[in-house]
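Written below as structure tokens is the structure these notes are about.
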Amino acid sequence: MPNGKFVYLKTFGCQMNVHDSEKMLSILAEHNYRPTEDIHRADIILLNTCSVRAKPEQKVYSALGRLERLKEKNHHLIIGVGGCVAQQEGERLLDRIGYLDLVFGTHNLHRLPDLIRDVQASRRPMCAVEFYDEVRSLDISPIPLDGEKVKSYVTIIQGCENFCSFCIVPYVRGREKSRPSENILGEIKALSKRGIREVTLLGQNVNSYGKDLSGGFTFPQLLAHINEIQGIWRIRFTTSHPKDISEELIMAFGKLEKVCKHIHLPFQSGSDRVLERMNRGYTRKQYMEKAEQLRKVCPEIGITADVMVGFPGEGEREFHDTLDLIQRVQFDNLFSFKYSPRKGTRAAHLLDQIGESTKSHRLQVLQELQKGITLKRNQALEGRYEEILVEGLSKWGEEEITGRTSSNKVVNLNGNPDLIGQLVKVRIEEGYANSLRGKII
Ligand code: SAH
Ligand code: SF4
Ligand code: F3S
């Protein structure tokens, strides 16, 4: 490939997609493509897309619409769409958008340089959306392009086979496939040598880790091995499925000192009737018991979750069950969404869909409730001592640095940028709606 070309990449979607984007930039860097923030300078424009709800999907189409003019001005420009919308739509995207050059699915990242070369050679659009048994991109460890990084994502399992009735992910990410533990441990050791101090293990359901490997580690066993790696100070993971969270994993929060005291445990709804129709595999009682056990083993644990409103058939009563669960569990934070029917999923065919205005109203009520709980939980930390890993400069001004507590709360403080990458002891001065203010002691 020619020297000194530029790639502009925009990412939509979850951490998995963010990490896939890092992998793409890393592979392309090996082929002399440097990343640029300036879209007008780009030789290649890539969108890494998400189809989990209608909104992120629509954003992709509007972003594509804005690219048509650039293509008219520069016929050598290559525009590619990857990620979950690409996986779902495949050739249809090429039919729909005449100036698109490349569509590549979630199992085809590793082919990106070859695909680009083929497009350049043939001047014809290409589409690569096959699924493979061996997902090659699982083993790509991206080289951080911005040197100073303190933390890094590490993929441990790809795909999902849970088929929650609302969810597109199993269709666009394929079968569950765990990455061999020696590859994971090898990658993390290499990261620690490069100065990475915190790893976040990624998977649609990390608790399923190892089930498809014969004689391999379970997820808690994997954690125990990562806990032994020198130079790694903190271990996080996302996402856990409530039905698969084992006793052994709950105990890990008390036993493994590097495992951060935070769990993201989506509950989706507080109504048994809705949970059943969602095919989630647990009841509200079972969920609350898990949360209670976690707090028993580790009282400081931060618990966050995803929840949705307006799933088909959710009446006022079911919605109130959700509010009630929120009130009882007292989450540190919640990510809340309006249910959005996804083509090809079972819930999209249910007849009792909920109107948009009801969904909006419920979302507002739910978010108002959680806002109060989050603030209260943040304020409860005032006066407490916490250890934070300083991650970078704060957006709030000079001599301001930012980090996180073990429980994953953002702490801003006055301090020397030389502290970036170090663990510091702070006293929490104030708790706000979205962050804490701390003082180094
Ligand atoms: N693997 C993760 C979820 C990935 S999707 C897990 O199982 O927890 C992230 C979140 O998006 C989900 O937890 C859910 O709350 C939300 N979501 C997924 N499909 C959705 C849909 N059709 N409409 C609205 N929200 C959805
Ligand atoms: Fe979607 Fe359910 Fe799989 Fe999560 S566990 S990715 S919500 S199907
Ligand atoms: Fe979206 Fe795909 Fe992630 S649909 S949430 S980017 S797995």
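Please go through region 151-175 and give me each residue that is near ligand 1 (Cβ under 10 Å from one of its atoms) and closer than 30 Å to residue 404 by Cα, ordered by number.
Correct list: 160, 169.
Any residue at all in region 295-309 that is at pLDDT 95 or above, among the hydroxyl-bearing types (Ser, Thr, Tyr) and either farther than 18 Å from residue 245 by Cα or not assigned by TED's automatic domain parsing to the domain that holds residue 253 (or both)?
no
Please verify whether residue 229 is more than 16 Å from ligand 3 (Cβ to nearest atom), over 30 Å from residue 314 (Cα atoms) and in a loop (DSSP other than H, G, I, E, B), treating the condition exactly as stated.
When the stated conditions are applied, residue 229 passes them.
Just one of (1) assigned to a helix (DSSP H, G or I); (2) farther than 30 Å from residue 246 by Cα; (3) hydroxyl-bearing (Ser, Thr, Tyr) trips up residue 287, so point out which.
For residue 287, the failing item is (2).
List, please: which pairs have Cβ atoms under 6 Å, are six or more places apart or on different chains, and start with a residue in region 166-181 that is closer than 25 Å to residue 225 by Cβ and end with one that is assigned to a helix (DSSP H, G or I) and away from ligand 2 (no atom under 14 Å from the Cβ)?
These pairs meet every condition: 179/138; 181/222.
Just give me the residues in region 413-424 being outside any loop (DSSP other than H, G, I, E, B) and in contact with a Gly (Cβ under 7 Å, 6 or more places away or on another chain), in sequence order.
Quick first cut of region 413-424, residues outside any loop (DSSP other than H, G, I, E, B) only: 413-414, 417-419, 423-424.
Listed by number, the list holds a single entry, 413.
Go over the candidates 322, 304 one by one and state the one that is assigned to a strand (DSSP E or B), at negative phi and hydroxyl-bearing (Ser, Thr, Tyr).
304
So that you can scan it fast, the table gives a plain yes or no per residue for (1) among the hydrophobic types (A, V, I, L, M, F, W, C); (2) closer than 26 Å to residue 301 by Cα; (3) in a loop (DSSP other than H, G, I, E, B); (4) under 22 Å from the mean Cα position of the chain (by Cα):
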| residue | (1), (2), (3), (4) |
| --- | --- |
| 353 | no, no, yes, no |
| 357 | no, no, no, no |
| 368 | no, yes, no, no |
| 382 | no, yes, yes, no |
| 386 | no, yes, no, no |
| 402 | no, yes, no, yes |
| 407 | no, yes, yes, yes |
| 427 | no, yes, no, no |
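In region 340-351, what residues are out of contact with any Lys or Arg (no Cβ under 7 Å at 6 or more places or on another chain), surrounded by 13 or more Cβ atoms within 10 Å (Cβ to Cβ) and part of a loop (DSSP other than H, G, I, E, B)?
341, 342, 345, 350
Which residues, taken from region 82-105, are under 18 Å from residue 168 (Cα atoms) and part of a strand (DSSP E or B)?
82, 104
Can you say whether residue 311 is over 19 Å from residue 338 (Cβ atoms), within 16 Å of ligand 2 (Cβ to nearest atom) and crowded, with 22+ Cβ neighbours inside 10 Å, as far as the supplied structure shows?
Numbers: over 19 Å from residue 338 (Cβ atoms): no; within 16 Å of ligand 2 (Cβ to nearest atom): yes; crowded, with 22+ Cβ neighbours inside 10 Å: yes.
Against the criterion (over 19 Å from residue 338 (Cβ atoms), within 16 Å of ligand 2 (Cβ to nearest atom) and crowded, with 22+ Cβ neighbours inside 10 Å), residue 311 does not qualify.
Only one of (1) part of a loop (DSSP other than H, G, I, E, B); (2) in contact (Cβ under 8 Å) with a residue 12 or more places away in the chain fails for residue 237. Which number is that?
Unmet for residue 237, out of (1) part of a loop (DSSP other than H, G, I, E, B); (2) in contact (Cβ under 8 Å) with a residue 12 or more places away in the chain: (1).
Write out, first by first residue and then by second, each pair whose Cβ atoms fall under 6 Å of each other, whose residues are 6+ apart or on separate chains, and whose first residue, in region 363-385, is without any contact (Cβ under 8 Å) to a residue 60 or more places away in the chain while the second is assigned to a loop (DSSP other than H, G, I, E, B) and buried (at least 18 other Cβ atoms within 10 Å of the Cβ).
Final answer for the pair search is 377/332.
Looking only at region 155-199, count every residue that is surrounded by fewer than 18 Cβ atoms within 10 Å (Cβ to Cβ), within 18 Å of residue 20 (Cβ to Cβ) and away from ligand 3 (no atom under 13 Å from the Cβ) and tell me the total.
2
If the requirement is being charged (D, E, K, R), more than 16 Å from ligand 2 (Cβ to nearest atom) and touching a Phe, Trp or Tyr at 6+ places or on another chain (Cβ under 7 Å), which of these qualifies: 43, 38? Give the derivation first.
Details: 38 fails: touching a Phe, Trp or Tyr at 6+ places or on another chain (Cβ under 7 Å).
The conditions single out 43.
For (1) crowded, with 24+ Cβ neighbours inside 10 Å; (2) touching a residue at least 24 places away in the same chain (Cβ under 8 Å); (3) within 25 Å of the chain's Cα centre (by Cα), each residue gets a yes or a no:
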site: 66; (1), (2), (3): no, no, no
site: 77; (1), (2), (3): no, yes, no
site: 83; (1), (2), (3): yes, yes, yes
site: 91; (1), (2), (3): no, yes, no
site: 99; (1), (2), (3): no, yes, no
site: 103; (1), (2), (3): yes, yes, yes
site: 107; (1), (2), (3): yes, yes, yes
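Could you tell me which of the residues 221, 204 is part of a loop (DSSP other than H, G, I, E, B), polar (S, T, N, Q) and assigned by TED's automatic domain parsing to the domain that holds residue 152?
Exactly one of 221, 204 is part of a loop (DSSP other than H, G, I, E, B), polar (S, T, N, Q) and assigned by TED's automatic domain parsing to the domain that holds residue 152, namely 204.
Those residues that are touching a strand residue (DSSP E or B) at 6+ places or on another chain (Cβ under 8 Å), at pLDDT 95 or above and of a type in the set (Gly, Ala, Ser), I need them from region 211-256; list them, please.
Of everything in region 211-256, those that are touching a strand residue (DSSP E or B) at 6+ places or on another chain (Cβ under 8 Å), at pLDDT 95 or above and of a type in the set (Gly, Ala, Ser) turn out to be 240, 252.
The values are calculated or read from the model by the stated rules, or taken from the named source; none is laboratory data. Predicted model only: the values in this text are computed from it and were never measured. Ideal geometry is used to build each Cβ from the backbone, glycine not excepted, and the neighbour counts take in all protein chains shown.
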